[in-house]
Amino acid sequence: MTIKTNKTWLLMALCFATAATSPVYANAYREQGKIAKIGDSGMSVTPPRDWNQLSIAPGKYAQVWTLDGEQLNDVTFYGGVVPGAPLVRERDKKRDPLPKFTATTLLVEVPELLEGTYRAYKKIGSFKLTNTKPGQFLGRDGVHFSYSYTDQDDLPRNGEARAVLINKKLYMVTFDAPRLHYFDRTLPDFRNLADATKLTK
C-alpha cells in the first residue's frame, strides 16, 4: 500500500471517527419540496432533497443544515446580517472579538470577512481563497467564491460560498466539507440548495 493510499485511508477514518464522536443536533427535518424559512431573515428555500437542520445555531443570523453530520458536510445560511454585527456569536467580545460586517463593507470584501471569522471562531491558521467571481444569489447580482483551509484536527477542507448585499444587509450561504471524498460528493447538492434559496421580504 502506497504512502498516498495510507494517507487517504487515514483521512477517511478520521472523518468517520469525528462524525461518530460528535453529536448531530438534527432536530428539524427539512423535507424535499417543502418550503423552509431561514429564521426571521426573509430567506426561504425549497430543498431539492431531504436535509437536516441543526438545532444549535452558531449565531443570531446563522442556521446550519447538513446531510451526513456537521463534520462531514456543513451548509450555513447567514440571513440579513446588519451593519455592526459579526457573522456568528462572539464568545468573548473583549478578549476575542470577531470581525464585523459594516455599512461600508463591499461585496468584494465579503470573502475576507468570512476568512477573518473562520480564523478567529474556528481557531484555524491556514485559509486560502481559491476563486472569486461575480454570480447570482437570491436573484440578485452577488459574488461566488471558493476557499480551502485546515481545521483544528489537521483535516483539509474545501468550501464554497455565495453572497449578496441587499438594503445594506448581508445574505450569504456557505458550504464546507472534508477535501477528501465529501466535498466533491456533496457540492452538487449544495449548489442545488443555493439555487433554490429565495428572499421573500
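The values are calculated or read from the model by the stated rules, or taken from the named source; none is laboratory data. If you're wondering where the values come from, they're calculated on a predicted model, not measured in any experiment. Every residue, glycine among them, receives a Cβ derived from its backbone with ideal geometry; neighbour counts consider all protein chains shown.
Looking across region 184-201 at every residue that is more than 14 Å from the chain's Cα centre (by Cα) and part of a helix (DSSP H, G or I), the one that is nearest to Leu87 (Cα to Cα) is identified as Asp195.
From the list Phe137, Phe145, exactly one residue is closer than 16 Å to Gly80 by Cβ and either modelled with pLDDT of 95 or more or under 13 Å from the mean Cα position of the chain (by Cα) (or both). Which is it? Residue meeting the stated conditions: Phe137. Restricting region 54-78 to residues that are touching a Gly at 6+ places or on another chain (Cβ under 9 Å) and among the hydrophobic types (A, V, I, L, M, F, W, C), which is modelled with the lowest pLDDT? So the residue we want is Ala57.
Against the conditions (1) among the small types (Gly, Ala, Ser); (2) under 17 Å from Val88 (Cα atoms); (3) out of contact with any Phe, Trp or Tyr (no Cβ under 6 Å at 6 or more places or on another chain), Ala161 satisfies every one except (3). The selection criterion, being closer than 22 Å to Thr186 by Cβ, among the small types (Gly, Ala, Ser) and in contact (Cβ under 8 Å) with a residue 24 or more places away in the chain, holds for Ala62.
Considering only region 137-155, state which residues are free of Cβ contacts under 8 Å to residues at least 24 places away in the same chain and either under 20 Å from Met43 (Cα atoms) or hydroxyl-bearing (Ser, Thr, Tyr) (or both).
Asp141, His144, Ser146
For region 149-181, the tally of residues that are within 11 Å of the chain's Cα centre (by Cα) and either more than 19 Å from Gly80 (Cα to Cα) or of a type in the set (D, E, K, R) (or both) stands at 6.
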